[in-house]
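The values are calculated or read from the model by the stated rules, or taken from the named source; none is laboratory data. All of these numbers come straight from a predicted model, not from anything done at the bench. Cβ sites come from the backbone with ideal geometry, for glycine too, and all protein chains shown count toward neighbours. For accessibility, only protein heavy atoms count, side chains too; no ligands or nucleic acids. Shrake-Rupley method; radii C 1.70, N 1.55, O 1.52, S 1.80 Å.
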Amino acid sequence: MIGTGGRALDLSQPGTLARALSELLIDRGEADRIGAAARKHCCQHFATDVVVDQILDYYDQVANDRRAAA
């Protein structure tokens, strides 16, 4: 399990992915819980406003570094 939003699988073992998918097909509650957690994580970290703010912060940092170096 990776946090609450996914699973880490050893794909070098045949059948690992099939077993994990089968478990999620059987346990819809777990599938829904993992899906909701993954969606929440993506919305918190990758929503447009979040990414734009990160980019603007980076541009500010680069501009300030250039000013300090000049």
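Annotations
Yes or no, residue by residue, for (1) open to solvent by less than 90 Å² (accessible area, probe 1.4 Å); (2) in a helix (DSSP H, G or I); (3) in contact with a Phe, Trp or Tyr (Cβ under 7 Å, 6 or more places away or on another chain); (4) at pLDDT below 95:
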{"site": "R19", "(1), (2), (3), (4)": "no, yes, no, yes"}
{"site": "G29", "(1), (2), (3), (4)": "yes, yes, no, no"}
{"site": "C43", "(1), (2), (3), (4)": "yes, yes, no, yes"}
{"site": "Y59", "(1), (2), (3), (4)": "no, yes, no, no"}
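- Positions within region 32-58 being of a type outside the set (A, V, I, L, M) and closer than 25 Å to A8 by Cβ, in sequence order: D32, R33, G35, R39, K40, H41, C42, C43, Q44, H45, F46
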